[in-house]
Structures are given as structure tokens and as C-alpha cells.
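These notes are about the structure you will find just below.
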2 protein chains.
Amino acid sequence: MSSSRLEEYGPAGAIDIFDTTLRDGSQQEGLSLTVDDKLRVAEQLDHLGVKFIEGGWPGANPKDDEFFSRAPNELNLQTSTLVAFGSTRHPGKKAEDDEVLRHLLDAGTESVCIVAKSSAIQVRKALRTTLEEGVAMAYDSVSFLVSKGLKVFFDAEHFFDGYLANAKFSMAVLKAAEEAGASTLVLCDTNGGMLPFQIGQIVGEVKAHSGIQVGIHCHNDTGCAVANSIAAVQSGATHVQGCVNGYGERTGNADLTAVIPDLSLKLNLPTIEPGRLERITPVSHHIAELVNMPPDSQQPYVGAAAFAHKAGLHTSAIARMRNAYEHIDPELVGNGTRFIVSEMAGRSTLALQAERLGISLDSGAISRAIQQLKDLEHQGYHFEVADGSLELLLRRAAGWQQSFYHVESYRVMSDHTDGGNTEATVKVVIAGERIIATAEGNGPVNALDSALRKAIGERYPELHCIHLVDYRVRVLNSANGTASSTRVLIDSTDGERVWTTMGVSENIIEASWQALDDSVVCGLLAASEKPAAAGKPCPD
Amino acid sequence: MSSSRLEEYGPAGAIDIFDTTLRDGSQQEGLSLTVDDKLRVAEQLDHLGVKFIEGGWPGANPKDDEFFSRAPNELNLQTSTLVAFGSTRHPGKKAEDDEVLRHLLDAGTESVCIVAKSSAIQVRKALRTTLEEGVAMAYDSVSFLVSKGLKVFFDAEHFFDGYLANAKFSMAVLKAAEEAGASTLVLCDTNGGMLPFQIGQIVGEVKAHSGIQVGIHCHNDTGCAVANSIAAVQSGATHVQGCVNGYGERTGNADLTAVIPDLSLKLNLPTIEPGRLERITPVSHHIAELVNMPPDSQQPYVGAAAFAHKAGLHTSAIARMRNAYEHIDPELVGNGTRFIVSEMAGRSTLALQAERLGISLDSGAISRAIQQLKDLEHQGYHFEVADGSLELLLRRAAGWQQSFYHVESYRVMSDHTDGGNTEATVKVVIAGERIIATAEGNGPVNALDSALRKAIGERYPELHCIHLVDYRVRVLNSANGTASSTRVLIDSTDGERVWTTMGVSENIIEASWQALDDSVVCGLLAASEKPAAAGKPCPD
């Protein structure tokens, strides 16, 4: 199949991207947005350049009302159009008397999106009304909103299930919306159960019988939301709904951060504003931050691991041939290539890493480093997640030894009588001088950290700017109960960069100490390489 | 489109599921498995009933060698066949002299999978050899392995890119493997850049020119790995490779926990052992636990949120029409419908739980238990995963107090001078008698466990049958560094059942103590309810 054959599979025109993160996306468990959050997410979406932003359901909750009332003053959208969401009128009510439609008018947007049940069984059982009334609800509601000068997107809920069971009714609902003046018929796989071949075929059949734009709205319940959206486009849909990062109820909505690059880069279709695709990674991460969901490092295109390479086999090949294991140039989507060091890594990864750190390793040193890395990883160390400890290992392989301080011993006492008291004592030697320091803490690791800082802090005031930002513990071989081996990871920062160090031991105190010790050495090492900073206030 | 039309789209026969979690899946950043972990993952995969388990790459690292040497003795696989992975011989080498192939023989499996570059540009640029040699490497390697009596899966790396650029070469490689006696031609979308329509078309073209089984191996770089695998099956592939939970390098491999239910439930194709699909959710969660990756609640079919309903949807609405927002019956995959927990739902759940344990709670006691549960969960306790601690909380809400022993105090000392020494002292009162016991351990928790057993073990000999089987630590609010709060979970067994207890504190020693203390009390409680067992040898 030559690439020119791609043309058989898709339309030539632009695809309208309709983001529903602020409406359908916010149905996700654990995702709760303030109005300020919503405004900031909308700014990001406009910055990315999606055509439509569905902002919420006016009347459904006070937050969404506030969003639509503040948006005109506080949002200065350059490329996106704001859309308010609602439903068709209630059964038996007149459109002009229906409060759902009234709220839509009050939202003050130029475009609205209304949802209508387009499955016969849903109309009968969930709405408990007749099929005739189901069709009339669609017609009346669209017609009323169009008469008020609004552009109307028509979300046909449960469309695919409905079509498979009773295509005649589902098509009648679409026909009614089209005749009433809707601009787009959006076919929704509401419970997310479809596969791409079904979506492709049904969208094609609808397209053949409709005179207006057809859109698609997919959920990821079969793991195919992205592929389903693409299949719809290849069958003629030119409007795609989804959410940034695949947020949404249950398994989420179609992930626009995958759909947009797939359409743009794989099918060469115009989607967001030209020249902005490279914004998609930062926008994805920024929105994850705003909605306070941890970003998924495995996410296609935008994930931190999307272009990360581990296996030694791959890394040496990549050095020779960029596209060997990268399906696109990561910079097209604002992401970058990253190499990960682990026991599986070959010489080339380690050599690259050392070079990046300015450490010169000869062939013998690289062999020693690889051997040590493999031995340590076999014990449970995991260097790909601990850049700080890796740097120290590489430096040591090159013959370096830290000369900041020498640890003679440390001990911790945790006494749980009446509330408890935990203290640690650290004994170090610095330039021949022996220093003993004791400190208390709210746990053994905290006490050790305090005691070490107390012992060496006077001699190394730059330590004042270095602090721990994260502490993680994983029990390895946990089936051995309390005698299991433990891996501790510590993230530290000097206000400019963050580094991770690691310790492994059957004794969690020993493992924590190794990670603490490495953390401090890495920090002092970095500080010693920029002496100009000494005496200055800490950054940040 | 009627459902009978589905038949056009797929083969009628069974699809072989080939799991590569232990090989390709372990390329995922942050995923590092010990040999014990790997053995336990393999047990889970066998329990699920996949046909093939790719265990690793013998010779590539000591872990995988150890895995294959221990597997025959320690794994008792009932349904799955273990497969060793390797590559074709090196350019210019004889197959019988190549150490990669030698390692494959040494692994001692009946089946092997070897990877060969099937893209002309990769052979020229990455292998730096001729196309003739590329084909010969495939032929010689397969032929050598087949001559040793092995069943050979042939992974055609970079197949789709290669085919689009130079189909003649890619097909020549497949032909060579087929003629040399490979059992299956597995087409790999190595850099994951394909879309379903491409996979479907190319697999169809290969299928038309091959006389043996065709397989598919997809990566998720376009967000389409599941859909791509399905497209391949619909074009005639009958062997599907992937990983549990979509583990794998970059964006991951095809997620088998979605592919298997899609094939089984949507296309009605036999996949895993009959009757075992309902094991897929527990197996997915169990493996996530083993590899210590937080499970993705949005995961199709198996995610905690896959059938969770928010959005003001009433229980009665779903009860009226189960399939309104559920594309399948969640019980088919061992998952369940979940409503976002309200206080009322909490009450009934708790009442049910108490009833199950034979604890009678009046309305006031239930209210007290709910309040306490909420307060503790706010602090970081998580009763859903700690049945033992929940039982104690419910018993206490009913007015019960444990009378086995009273803890006066405990302390731990961990001294790291010359190798280190950790000891714990526990002071308890039993029936008026004060007992002090000190014990050493290889870490603070192990020492505490030993000291507690020493202090009360004489009085409660049944403790001899109770031991810890798992110990897990999670740092909560980890951004507070070493002063973060810590949650400890301990699994214990008396040889008959397993229970989980929990502790939360800023001090990991305090948190571990709580979990230990609860563990022992639960064990003594259970033993006291079956006095006939006293004096008998431990079960198991």
C-alpha cells in the first residue's frame, strides 16, 4: 500500500475539533473543577487552537452558570468558540416553556449543543414516552434554538446501539434535527461499546443520507475511542468531540491529545490552528496540572515516556537512526526523545548519559559501570528512576570519590512510650574534624535527615538551599513479610533542578540513609560546580 | 448493520493469546521485576488462561536466566506454555555458533520467539548488512531452532513501516521464515505508528500470501494498539501479542485486558480458556500489585471506574435499564457496577459487612463506625484494602475491646556502626503480669515483630501458626519529604485464611506497629473462636 493510497480513506477538508473537557470530561471520578480552573482550562484550549470549547451545562449547577457569566469578561478567546450544553425539551412540554432550553439562551453563547436520545429503546424505557414524541422533542428543540439565532450542534445519544436495534427511528431523529436547522449531527457512542469497523460503517451510512455535517463523540469502554473517532472521520465525519488527556466518566472520552496528532500527522488533515501542534504536549501537561490529575507517562504523543527508550538494543539503533523506534519526530508535538538507563541498557545508553553529564568514561570504566549497575539492579536498585544515584555511580566508575564528609556511623532510636519520641545521631568526619550531632524527628527518616544536616550544615551552608520534596518507599520481595527488602527513593531540589536518589536494604532505615546520603552529596556536588552562588539567597 | 453482518469481519476460529508482559512489558519505565515477581506474574497469567507466556530473553540479563532455570521447578503451569525470546543470528555468523541462539536452547522451553528485522532500511542502516544477508539470517535462525525440535514464533520487527517502503523485501523475510519452518509469522508495528485501516489492509495482503499462522504485535503510539490488534484479527490474524494492563516501553503494548474481552465479547471469538473471562479483572489488579504500578481506574473492562456511575444517575435508573450506560454486563469480566459512594450507600455497605462477620450493630453503632471510618480515611487509612482492621473497627463500634494483651510501650534502636544492629523492646501486660521482651531483626519492623511474638508467644502458643506473608508501604502526601505520612499494610495468615491490617502515621515505625498489632489481634481472635484447634499442628 503506497502512501498515496491513504487518500481513499479520508476526506480532504478540515476537521473541526470540539473539546468537551469542561462538560463531559468533568464527569470523571476524582475530577472536580472550580470556576477559576475552568476558565484557565479554556484559555489553554484556546491557546492550543481547538475550534469549539464546550464550557458546561448552564442551569445544571451553579458553577457552570458562573462560568458562562464570567467567561465573556474574563476570557479573551482568540481562536475557539464557546459552546453551552443542554438537552432537548422535556416530553410533553413546549420548547419555549422548557427551562433547559431557557438556560441555554441565558448562557449567552453563539453556539449550543443539545443532546437527544436517538435510540428507540432509550426513548421508550428511559424517557417513557412515544417514538413520535422522541422525534418531536428533537425537532422542536433545535427549531426553537435556531429561531433564536443560535448555531446548534445535535448530540444523538446512544446513536450506535439505537441504530443497530432500530435504524429507522435513529435516522428519523437525525432527519428531524437536520430539517429543524441543526448545523451538525453528532453521533454518540454513549456507552462506549463500539469497535472501529462498526463506527466506520454506520457513519458512512448516515453520511449517505444526511445533507449536513456529521460529527462523532466516542467513549473508551472498548479501548478504541481514538480509533473509533478516526474511523468516523475516514467515513466522512468532519467534527470530532473528545477531551484533553481522555478525561471523562468510566473509561473516559476520546483522548484529543491522540486524536488531533493522528488526524494531523497520519492522515494529513487540518485540525487545530495551523502551526500549533507543538503546543499539544505542554497544553496537555498544563491542563493535567490545572485539574490536578497525575499525567499518564504512557500517553500517546504527549506522555513523558512516549519517546523514552530503555532497551539497549533500541538505544544503539536510535543513535544510528532516529526514526527506528520513533513513529514521528517528537518535536512535532512538543515532546522530546529521552533515554532511560537500566540493566537492559547497553553501553551506548550509559556512554550517552555520561557524556551529557560531562563525565569522561573510557571503555574499561563503562564496562565496570555496566557490571555494577547490573549487580545493583539485581539486588533491587532501579537506576532509571534515580538520576542522582546514577550520576554518582558513573562518577565513581571514572575514579571519583566524594570528599565532602566521611560517615562514621548513624543510629536511630524510636521510643513509643506516652506519645513517642524519635531521635537520630550521626557521626561524621570533615577534613579531620569529628562531628557528632543528634536531632529529633517525627519519624526515623526525618530524624536522620535533621541530624545529618545538623552535623554538616555549618561547614556546608549551601545545604540550606537543598531540601527534600518527595520520599517514596517500595517493598521488594514483599512475600518475605517484615524481613523483605525495601527500596527508598528521595527527590531533592536546590530550587533550580530536581534530582532523585535511591537506597535498597532489608532495613528501611539503612535504605533511607543511602538515599539521603546520595541526595546530599549530589546537592553539594552541584553547588560546588557553581561557586558564584555561594552566599546568595536560595533561588525560588 | 445487523449483528449477523459481524461475521463478514472476522475468522471463526480461536485466537491464540500470547502474553509478553514479562519480556516486552518489562521494558516500561519504572517497571522492574524481581525473579520472584516474574514467577508470580506467570502464575497469574496461567490462572487467566493465556495460551503463551513469553518469559524473557535468556542471556540478556541474569534475571531472565534465573527465571528460566527456576520456572520448571517452581511453576506448575496448567494452561499456558512458556516461551523464551531471542533474536536471529548476528550478520556474518553461523547459526550454530551464535550465542543468542545458544542461550535460547539453554532456556529449555518447547517454544521460542525470535525477532528479525523485516524492514529493508532497518537491515541496511541499523544492522549495516545486505538485504540478502537479512533474509539469510531469518532463514538460518529459524531453521536451526526448528532442527532442535523447537516451535518457532517469528517476530517480524518493523514489518509495517518496512512493508510500506519495500514490500518485496519484507515479504521475502516472511517467506524465508515460513520455508525454514516457523509456526507463526508475527507482524510487529514496532514503533507503533500505524492506524487500524493500515494494519487491516496489510495483514490481509500478508495473509493472502502465507501458508502459516499470522500474528500481530502492536504498540500504542497512536493510541490505537487495541483497535490495531482487532483490525489484524478481522483480516485473518489468529495470534495476538500484548501485555496485561498495556505495560510496555513508550506508550505500552496492546492492552490484553481490553483486547481479550473485545475479541471474546464483541466478536465472539474464543481467546483464553473457556469460562475464565471473569478472572480478568482480579488478574489485572493482582499483576498491577505484583509489578507495583498503580492500577489505572479508567482502564477499559477492568478499571475501578469502568462501570462507575456519577452524573446524578440514580441507582433505580440503572436498575431499570442495566445497559443504559454499560456496554456489557460487568460481571462477565469480573468487574462490577459501582455508584459513587454516598453516605447512605456507606451505611448499607457497612451494615452488610458487619452482618457477614456476625457482629450486631445497632443504628447508633453504625453511625459511630461511619464517622470514625470517615475521620480515619481522611487521615490516610483505606479500609477497603484492610479487612482485618475494618473488622476490628466494627467490633469496637459494637463495644468490644481486645483483652489478649495490653501494650505499655515499644521502642526500636537501629545502630549503623560496622554492619549495623537493630533491636526492639516491647513491654506488655497480660492478665496483670508485666512482660518485657527484646529481639533483634534485620530491620526495625522485623525486630518489633519478633519482640512482640517473644513477649506474648508463651501465653498464646496459637501465634506460632500465624505469620506475615506480605508487607507494603505507601507514602501519602509524599510532597512533604521525609515528614510525609506513611501507610503500612500487612497481610497475615494462619494457614487457612489471609487477612490484611493497616497503620498510618508520620512515623513509619508507629504505622508498622499499628498494622502488626492489629494483625496479631485478628489472628488471636480467629483462633479463640475455634478452640478445638489449640495444640494441633498448624495447617498448611
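The values are calculated or read from the model by the stated rules, or taken from the named source; none is laboratory data. Just so you know, these numbers come straight off a predicted model, no measurement behind them. Ideal geometry is used to build each Cβ from the backbone, glycine not excepted, and the neighbour counts take in all protein chains shown. Accessible surface areas use protein heavy atoms only, side chains included; no ligands, DNA or RNA. Shrake-Rupley method; radii C 1.70, N 1.55, O 1.52, S 1.80 Å.
Restricting the GluC sites (Glu not before Pro) of the range A:16-111 to loop positions (DSSP other than H, G, I, E, B) with no more than 15 neighbouring Cβ atoms within 10 Å leaves A:Glu110. Size descriptors for chain B, from the alpha-carbon set: Rg then Dmax equal 27.9, 88 Å. Computed from the C-beta positions of A:Ala431 and A:Arg338, the FRET efficiency with R₀ = 51 Å rounds to 0.85. Shape annotation for the range A:125-248: C-alpha extents along the principal axes are 37, 32, 29 Å, from largest to smallest. Using only alpha-carbon positions in the range A:30-80, the gyration tensor eigenvalues give semi-axes of 18, 12, 10 Å once each is multiplied by 5 and square-rooted (largest first).
With a ≥ b ≥ c taken as the square roots of the eigenvalues of the C-alpha gyration tensor of the range A:87-137, please select rounded if a/c is under 1.5 and otherwise prolate if a/b is larger than b/c or oblate if it is not? Before the final figure, lay out the partial values.
On the way: a/c = 3.01, a/b = 1.94, b/c = 1.55.
Cα axes put the range A:87-137 in the prolate bin.
Evaluating 6.51 cos²θ - 1.76 cosθ + 1.60 at θ = phi - 60° for every residue in the range B:229-246, the Karplus couplings come out as 5, 5, 4, 5, 4, 5, 9, x, 5, 10, 9, 10, 9, x, 10, 4, 6, x Hz, glycine and proline recorded as x.
In chain A, helices alone account for a calculated mean residue ellipticity at 222 nm of -11500 deg cm²/dmol, with every DSSP H run of four or more residues adding -39,500 (n - 2.57). For chain B, the longest principal axis of the Cα atoms and the long axis of helix B:444-456 meet at an angle of about 40 degrees.
With a 1.4 Å probe, how much accessible area is buried between chains A and B, both sides summed, in Å² to the nearest hundred?
Values: alone 24950 and 25830 Å², together 41050 Å².
Buried area between the two chains comes out at roughly 9700 Å².
Please give the net charge around B:Glu74, taking every other residue with its beta carbon less than 13 angstrom from that of B:Glu74, where Lys and Arg add +1 and Asp and Glu add -1. The answer is -2. Which residues among the range B:131-169 fall inside the zone where the amide N is under 19 Å from a point 7 Å beyond the Cα of B:Asp97, along Cα→Cβ? Once the point is set 7 Å along Cα→Cβ of B:Asp97, B:133-145 turn out to lie under 19 Å by backbone N, inside the range B:131-169.
Ignoring ligands, DNA and RNA, what percent of the accessible area of chain B is carbon or sulfur (1.4 Å)? Display every interim value, and only then the final one.
Values: 10210 of 20960 Å².
Answer for chain B: carbon and sulfur cover 49 percent of the accessible area.
What translational diffusion coefficient, in µm²/s and rounded to a whole number, does the Stokes-Einstein relation yield for the range A:405-459 at 20 °C and a viscosity of 1.002 mPa s, taking the hydrodynamic radius as the Kirkwood radius over Cα pairs? Write down the numbers at each step before the final one.
Values: Rh = 11.2 Å.
For these conditions, the coefficient is 191 µm²/s.
If you fit an axis through the alpha-carbon atoms of helix A:62-74 and take the longest principal axis of the Cα set of chain A, what angle between them do you get, 0 to 90°, nearest 10? Between helix and principal axis, roughly 90 degrees. Around A:Leu105, what is the net charge, scoring Lys/Arg as +1 and Asp/Glu as -1 over all other residues with Cβ under 14 Å from its Cβ? In short, -3. Modelled label positions at B:Glu179 and A:Arg70, each set 7 Å beyond Cα in the direction of Cβ, lie 7.2 nm from each other. PRE reach from B:Arg497 (point 7 Å along Cα→Cβ): which of the range B:385-405 fall under 17 Å by backbone N? From the range B:385-405, the list is B:385-396. Put simply, the Cα atoms of the range B:15-290 extend 48, 41, 33 Å along their principal axes, the longest span coming first. With 20 Å² as the minimum drop in accessible area between chain alone and full protein complex (1.4 Å probe), the qualifying residues in the range A:371-388 are A:Lys374, A:His378, A:His382, A:Glu384. With the alpha-carbon atoms of the protein assembly as shown aligned to their principal axes, the span from lowest to highest coordinate is 86, 80, 72 Å, starting with the largest.
Measure up B:Lys94/B:Lys125; B:Lys125/B:Lys168; B:Lys151/B:Lys207; A:Lys168/A:Lys207; B:Lys94/B:Lys117; A:Lys454/B:Lys427 against 24 Å on the Cα-Cα distance and list the ones that go over.
Working: B:Lys94/B:Lys125 21 Å; B:Lys125/B:Lys168 18 Å; B:Lys151/B:Lys207 20 Å; A:Lys168/A:Lys207 15 Å; B:Lys94/B:Lys117 17 Å; A:Lys454/B:Lys427 33 Å.
Too far apart for the 24 Å limit: A:Lys454/B:Lys427.
Remark: the range A:15-290 carries 32 Å² of accessible area per residue (probe radius 1.4 Å; ligands, DNA and RNA excluded).
Taken along the Cα-to-beta-carbon direction at a fixed 7 Å, the label points for A:Arg124 and B:Arg128 span 7.2 nm.
Computed from backbone phi with θ = phi - 60° and the Karplus coefficients 6.51, -1.76 and 1.60, the 3J(HN,Hα) list for the range A:255-264 is 7, 5, 6, 9, 4, 4, x, 4, 5, 6 Hz; x is used for glycine and proline. Counted by Cβ distance under 12 Å from B:Gly193, the other residues give a net charge of -4, where Lys and Arg count +1 and Asp and Glu count -1. Across the range A:47-128, how large is the tail of the calculated P(r) beyond 15 Å, expressed as a percent of all Cα pairs? In whole percent, the share of Cα-Cα pairs in the range A:47-128 beyond 15 Å is 61.
Per-residue Karplus couplings for the range A:153-169, computed as 6.51 cos²θ - 1.76 cosθ + 1.60 with θ equal to phi - 60°, are listed in order as 8, 10, 7, 8, 6, 6, 4, 5, 4, x, 5, 5, 8, 7, 5, 4, 5 Hz, Gly and Pro entered as x.
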